[in-house]
Every structure is written in structure tokens, then in C-alpha cells.
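Following: one structure in C-alpha cells, then a few remarks.
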Amino acid sequence: MSGFYEGGTYSGYGGGNSSSNAGGSSGGYNNYNAGGVGAGGSSDAFSGSMGSAPTSSYSQPMQQPSSSSGQQHQQQQQQNQQQQQQYQQPSNAMNNAMNNAMTNLWNPTMAMAATAAATGQVPPVDSQFIMGGVESMGKHLFETGWAKAVPGLEASMIGLRPYFAVDNSYVKRKMTKVLFPFLYRDWARVEIMEPNPDGSSKYAPPQEDENAPDLYIPSMGLLTYVLLCALCYGNAGKFDPEVLPDVTSKCVVTQILEVIAIRIGFYLMEAPVSILDLLCYTGYKYLGLSVNMLSGLTVGHFLGYGHRSYYFTYLWTATAVSYFILKVMANCIPRRTSAVGPKRQFMVLGFAGSQFATCWFVSQTAFLK
């Protein structure tokens with residue numbers, strides 16, 4: 001290869017190559033004017049016929065993906081809309097079912113309040129409105145809800161309801177009668193004119209008759225006695241969480257065995273009696289036991305004679321409870337009993353004397369000062 005530059009013109013030589021101007025060939029080295037450069041053709045080759053073809057060939061493939069991607073995007077939007085419609089149908093059905101269930105379970109007032117809360121349109125809060133709705137819902141659930149779900153639960157609650165129909169006046173009179181029974185002469189229960197379906201006598205509830213048995217005083221007496229026993233253990237530094245179930249189980253098992261023994265005695269005499277009534281009568285001893293323990297703790301803390309104070313009080317309370325059971329059983333057992341069964345007088349005395357033994361057995365005096 002050889003060449004020279006002359007007068008603004010560059011001449012080059014190559015085998016079989018001819019000089020050309022701006023539209024030169026691609027065979028070899030070409031002649032270029034001033035400011036013209038190239039290799040295998042002039043600068044117009046990139047903007048002329050040879051340069052235009054690549055431009056058109058590359059512009060068309062870039063347009064095709066854009067149109068196909070737009071179609072795919074539209075199809076995807078349509079599929080998403082169809083899926084949203086499918087999801088909305090079950091949710092609407094579920095909302096309708098929930099609204100129907102709320103309307104059937106609650107009263108109209110609660111249904112309106114729940115709907116307003118769900119939609120965000122909550123009215124100003126009224127305490128009386130809320131309490132009225134809660135009260136009506138509780139009554140509805142109690143009458144037609146969970147009470148009927150458990151077999152026998154509703155009948156048990158109806159049967160126990162009269163034994164807890166007490167007020168403050170009855171509780172005061174009953175506690176006085178249990179602790180000081182010698183001051184009273186009237187022990188007969190008040191009968192209602194309307195008899196029971198089986199023909200037996202129907203008696204007035206505790207609110208109307210102080211001689212009626214109740215389960216409120218025995219249950220509260222047991223709870224108080226257990227807590228006082230725990231306090232006694234705590235003062236001696238011997239408290240353990242197991243004290244509570246141990247004392248409770250001992251008292252409950254003793255009372256159950258006592259009720260079974262008395263019920264057998266009534267069966268032998270062929271005298272009718274209710275198991276719940278026997279639970280009430282035998283549970284009044286917990287009132288005396290609570291008084292005994294309270295006396296022992298108080299005197300033991302201030303004077304140091306806890307044991308003596310406990311047993312001195314025990315003599316009074318056990319005698320009072322025994323006399324109370326004597327008068328109660330004398331009115332519960334009919335005058336005429338079975339001719340072949342045990343004598344009525346002996347059974348009544350046996351029931352009354354059992355209170356001394358049971359009160360002593362469940363006493364917790366080991367840690368009294």
C-alpha cells in the first residue's frame with residue numbers, strides 16, 4: 001500500500017482498486033476530498049441506501065413486542081376483573097348469612113347496633129342503651145342458648161334457683177338463728193297453697209320464710225372457713241397452696257358422707273326428704289367453724305391462747321348447730337314413720353349428735369398459737 005497527499009487530495013493505490021468520489025466502491029482504498037473519510041465506501045454509505053435498510057429492518061421488530069405486550073396486559077386485566085367478581089360473590093353471600101344470623105340471634109336493637117358498627121355509622125354512645133341491649137341478650141341466651149345446650153343443665157339451674165333466693169334481711173336472721181337457736185320457738189316452714197305436681201307440699205322461698213333452707217350461707221361459710229384456715233397456716237409460716245384444696249376436699253367429702261348417712265336413715269323410716277335440703281342443713285356447720293377459727297386467730301394473736309379460745313367457742317357453736325339440726329329434723333320427719341324402721345326419736349338425736357363429730361373432724365387447729 002502506498003500513497004501521498006497533494007493539494008488537499010489523498011491518492012491511494014491498491015490492487016484492482018480504482019479511485020472514486022463520494023459514492024466510491026467498496027473494493028479498496030478510495031480517493032477522498034478534503035474533509036472526507038471512509039473505508040470501503042464514502043460517508044454517505046451510512047446514510048444512503050446501505051444505511052437506510054438497517055434502519056427499517058430494526059425499527060419493525062421493536063414495534064411488534066410493544067403491541068403484543070399491550071394485548072397481554074389487557075388480557076391480564078380482564079382475568080383480574082373476572083377473579084374479583086368471583087371472589088365478591090362468596091363474600092356477599094357470607095355477609096348476607098352473617099347478617100341473617102345476627103338478626104336471628106340478637107334482638108332488633110342489637111342487630112341495628114351491630115350493622116351500624118360494621119358500616120362505620122356508629123351513633124353516639126348511650127350507656128343505658130348498651131346496658132339494655134346486653135341485658136336483653138343475656139336473658140335471651142340464658143333462656144334459649146347455652147343453658148339448653150348441656151343436657152340437664154337447665155333443669156339443675158331451675159332447681160337450684162330457689163335455694164339462692166335470699167336477701168340481706170334473711171341472711172341476718174338465719175345466721176342469728178343458727179348461732180342462737182335457743183331463742184326461737186317457731187321452726188315450722190310456711191306452706192304455699194299450690195301443691196307440687198306430685199302432690200307433695202310446696203314451701204315458700206327463703207325470702208319469705210326464715211325457716212326455709214338455703215345454699216347461700218353454707219357455700220359462703222365454707223369459703224370463709226377455708227380462707228381462715230389458710231390465714232392460720234400463713235401466720236405460722238406453714239402456708240402452702242395445697243392447703244386450700246386439702247381443706248376444701250376434706251370438708252366436702254365429710255359433708256357428702258354425712259348426707260348419705262342421713263339419707264339412708266330417712267329411707268329406712270320411709271320419710272321423704274330432698275337431697276338439696278340435707279346439703280343445706282348439714283352446711284350450716286361452716287358458719288360455726290368460721291366463728292371458731294376467727295376466735296382462735298384473734299385471741300391467739302393478741303393473748304396467745306388460740307387453742308383454748310377455739311375449743312371454748314367450739315363448745316358453743318357445736319351445741320348450737322346440733323340443737324338447730326334437732327329442731328329442723330324434728331319438723332322434717334313426719335310424726336308417723338315406718339313401723340319396722342328405726343325409731344324417729346333415735347334418728348333425730350343421732351342426726352343432731354353427728355354435728356359434734358363432723359365439726360371436730362374438719363377443724364384445723366394444728367398451727368393455732
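The values are calculated or read from the model by the stated rules, or taken from the named source; none is laboratory data. Keep in mind it's a predicted model, so treat the numbers as computed, not measured. Cβ coordinates were reconstructed from backbone atoms using ideal geometry, including for glycine residues, and neighbour counts include every protein chain displayed. Note: areas computed on protein heavy atoms with side chains; ligands, DNA, RNA excluded. Shrake-Rupley method; radii C 1.70, N 1.55, O 1.52, S 1.80 Å.
For the stretch 215-251, how many residues are of a type in the set (A, V, I, L, M, F, W, C) and closer than 22 Å to residue 162 by Cβ?
Of the residues in the stretch 215-251, 5 are of a type in the set (A, V, I, L, M, F, W, C) and closer than 22 Å to residue 162 by Cβ.
Which one of these is closer than 25 Å to residue 349 by Cα and more than 31 Å from the chain's Cα centre (by Cα): 238, 285, 250, 202?
One residue alone meets the criteria, 285.
Spot the failing condition for residue 368; the list is (1) of a type in the set (A, V, I, L, M, F, W, C); (2) in contact (Cβ under 8 Å) with a residue 40 or more places away in the chain; (3) assigned to a helix (DSSP H, G or I), and only one is missed.
The one condition residue 368 does not meet is (3).
Does the stretch 352-365 hold any residues that are touching a Gly at 6+ places or on another chain (Cβ under 8 Å) and in a helix (DSSP H, G or I), and which are they?
359
Residue check, residue 270 against (1) open to solvent by 60 Å² or more (accessible area, probe 1.4 Å); (2) within 29 Å of residue 313 (Cβ to Cβ); (3) not β-branched (Val, Ile, Thr), all met but one. Which one?
Unmet for residue 270, out of (1) open to solvent by 60 Å² or more (accessible area, probe 1.4 Å); (2) within 29 Å of residue 313 (Cβ to Cβ); (3) not β-branched (Val, Ile, Thr): (2).
Would you check which residues across the stretch 304-329 are among the aliphatic types (A, V, I, L, M) and either crowded, with 23+ Cβ neighbours inside 10 Å or touching a helix residue (DSSP H, G or I) at 6+ places or on another chain (Cβ under 8 Å) (or both) and list them?
318, 320, 321, 325, 326, 328, 329
I'd like to verify a number: residues in the stretch 187-205 that are open to solvent by 70 Å² or more (accessible area, probe 1.4 Å) and either part of a strand (DSSP E or B) or modelled with pLDDT of 90 or more (or both), how many?
So the count comes out to 3.
Among residues belonging to the stretch 210-246 that are in contact (Cβ under 8 Å) with a residue 12 or more places away in the chain and of a type in the set (Asp, Glu), point out the one that is nearest to residue 274 (Cα to Cα).
This residue is 214.
Looking at the stretch 206-221, can you tell me whether even one residue there is part of a loop (DSSP other than H, G, I, E, B), aliphatic (A, V, I, L, M), modelled with pLDDT of 90 or more and out of contact with any Ser or Thr (no Cβ under 7 Å at 6 or more places or on another chain)?
The answer is yes; a qualifying residue exists.
Can you name every one of the helices (runs of 4 or more DSSP H) wholly within the stretch 271-351 that holds 1 or more residues which are acidic (Asp, Glu)? Give the steps one after another, and end with the answer.
Working: elements: 275-283, 285-302, 306-332.
Hits in the stretch 271-351: 275-283.
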